[in-house]
Every structure is written in C-alpha cells, then in structure tokens.
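What follows is a set of notes on a single structure, which appears directly below.
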Amino acid sequence: SPILVGITGGIGSGKTTVAKIFSILGIPVYSADDRAKWLMGNDEELKNQIKNAFGSESYLSDSSLNRSFLANEVFSNPDKVKTINSLVHPAVGKDFLTWASQQNSPYVLKEAALIFETGGEKALDYVINVSSPLKIRIARTLMRDPHRSEEQVNQIINQQLPDEQKNKLADFIIKNTDNKLLIPQALKIHQHLIAAK
Ligand code: ATP
C-alpha cells in the first residue's frame with residue numbers, strides 16, 4: 001500500500017498548483033473537495049445521514065443534492081456547519097483509504113484545504129503545507145475568483161488554521177511566494193518520499 005501524504009494550505013496558497021506538479025511526476029492525487037461533492041451526491045450511506053440530519057429537502061426529486069437548500073441551511077450557522085462536516089469528513093477519509101489502497105505508486109497525495117483543522121493528519125503518514133504570505137494569498141484568490149469580495153475571502157481565512165501553525169505541524173513546507181520556484185521544492189520532497197518507501 002502506498003505512503004499516504006496530505007497536501008494542504010490556506011485559500012490561495014497554491015496547493016492545487018503544487019498538487020499538479022506531483023501529478024506530472026506520476027503521483028496519484030486525490031482531491032478531497034471534488035470527492036466530497038461527489039460523495040454527497042452519490043454515496044448512499046452519506047446521503048441517508050444528510051437526510052436524517054437536514055431533512056428530506058436536502059435532496060431533489062431526481063435524488064441529486066439540493067445544494068442551494070443546504071447552503072442556505074449552513075449559511076452563518078456554525079452548528080450546522082459542524083454537523084455537515086462531521087458527516088462528510090469521515091466519509092471522505094474512508095473513501096480516500098479505499099482509493100489509496102488501489103493505487104500502484106510509492107506514495108499518493110490527498111489534497112485538502114482542511115487537514116489539521118479536522119484531525120485528518122492522524123490517518124496520514126506525512127503532511128506538506130503550501131505556505132504563502134497572507135497578502136499574496138488574498139490577491140491571488142481575488143484575481144482567480146472575481147465574484148468573491150475581500151470580506152468573503154477574509155471570512156474563509158478566519159475558518160482556517162493560521163499558516164504559521166500549519167508550518168509547525170507539517171512534515172514538509174513548500175514556500176509559494178512569487179520569488180520561490182515550486183518545481184525544485186516539489187522534486188526534493190518527491191525524492192525524499194520515494195527513498196522513504
Ligand atoms: P483554494 O484553497 O482556493 O483552492 P489553492 O491553495 O488550491 O486555493 P491555487 O488554486 O493553486 O491555490 O492558486 C490560487 C491562484 O493563484 C490560482 O489562480 C493560481 O494560478 C495562482 N498562483 C498560485 N501560485 C502562483 C505563483 N507562484 N505565481 C503566480 N500565480 C500563482
């Protein structure tokens with residue numbers, strides 16, 4: 001079974017960009033965000049748990065997820081955010097392990113915005129934090145998502161563990177400031193993980 005490696009980083013840090021570099025090196029990458037969305041629409045056990053917690057309105061008549069209903073339910077309601085997370089995170093954790101066991105690679109990556117925030121590191125062998133200064137992260141996010149306001153971006157940042165704390169908890173750090181090259185940093189970690197196997 002492959003070594004399990006998490007790759008995290010706050011909004012706009014560049015974790016998706018870095019994950020692409022590993023993917024080009026041939027490393028299988030699991031996107032927790034994409035997979036969570038898929039599981040909420042397709043995993044029967046998770047769907048039942050969501051229906052039990054939020055009501056039958058959580059799914060439409062064609063049995064697809066009622067995104068606008070759920071978004072409205074959790075909107076500025078921290079308890080409901082906790083409830084949905086307590087259902088989705090374990091489902092993703094389980095799904096990741098199943099997926100990982102099917103990969104033929106010395107290691108695999110789980111790309112997730114929240115790892116340390118949810119205790120996800122316990123199920124991983126190593127975690128990489130993609131680290132960037134706050135100002136740059138906000139600027140990149142606003143450039144990428146013009147529909148978001150700076151206030152909304154700051155709200156998301158406040159729900160995430162500060163970058164300095166993630167750096168302390170991480171096994172590897174990739175610095176993604178504008179003057180740092182990403183590929184050499186990724187290659188160094190790649191060599192290390194391959195040697196560890
Ligand atoms: P999110 O948590 O919002 O998904 P992320 O951590 O996955 O963010 P990316 O999507 O990889 O971050 O990067 C955010 C934006 O910044 C993207 O538009 C990306 O192309 C850009 N970006 C990332 N790193 C750099 C860099 N070193 N130089 C220039 N642009 C960059």
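No lab work stands behind these numbers, since they all come straight from the coordinates. Small disclaimer: the values here were computed from a predicted structure and weren't measured. So basically every Cβ, Gly included, is an ideal-geometry build from the backbone, and we count neighbours across all protein chains shown.
Net charge around ASP43, counting only other residues with Cβ within less than 13 Å of its Cβ (Lys, Arg = +1; Asp, Glu = -1)? Before the final figure, lay out each step's value.
Details: positive: ARG35, LYS37, LYS47, LYS51, LYS94; negative: GLU44, GLU45, ASP95.
Here the count lands on +2.
Can you tell which of ALA36, ALA139, ALA100 shows the greatest fluctuation in a Gaussian network model of the chain with Cα springs below 10 Å?
ALA139
Rounded to the nearest whole Å³, what is the per residue volume of the convex hull around the Cα atoms of the chain? Working shown, then result.
Numbers: hull volume 25.6 nm³, N = 197.
Dividing the Cα hull volume of the chain by its residues yields 130 Å³.
Take the residue pairs LYS37/LYS80; LYS20/LYS110; LYS51/LYS94; LYS135/LYS166; LYS37/LYS188; LYS20/LYS47 and return only those whose Cα atoms are more than 22 Å apart.
The answer is LYS37/LYS188; LYS20/LYS47.
With everything on Cα atoms, drop me the angle between helix 78-101 and the longest principal axis of the chain, reported from 0 to 90° to the nearest 10.
50 degrees
I'd like the chymotrypsin sites (Phe, Trp or Tyr not before Pro) in segment 34-138 restricted to DSSP loop residues with at most 14 other Cβ atoms within 10 Å, sorted by number.
Numbers: sites: TRP38, PHE54, TYR59, PHE69, PHE75, PHE96, TRP99, TYR107, PHE116, TYR126; in loops: PHE75.
When the chymotrypsin sites (Phe, Trp or Tyr not before Pro) of segment 34-138 are filtered for loop state and at most 14 Cβ neighbours within 10 Å, PHE75 remain.
Can you tell me the relative contact order of segment 3-196? Whole percent, Cα pairs under 8 Å, sequence separation 6 or more.
Relative contact order comes out at 37 percent.
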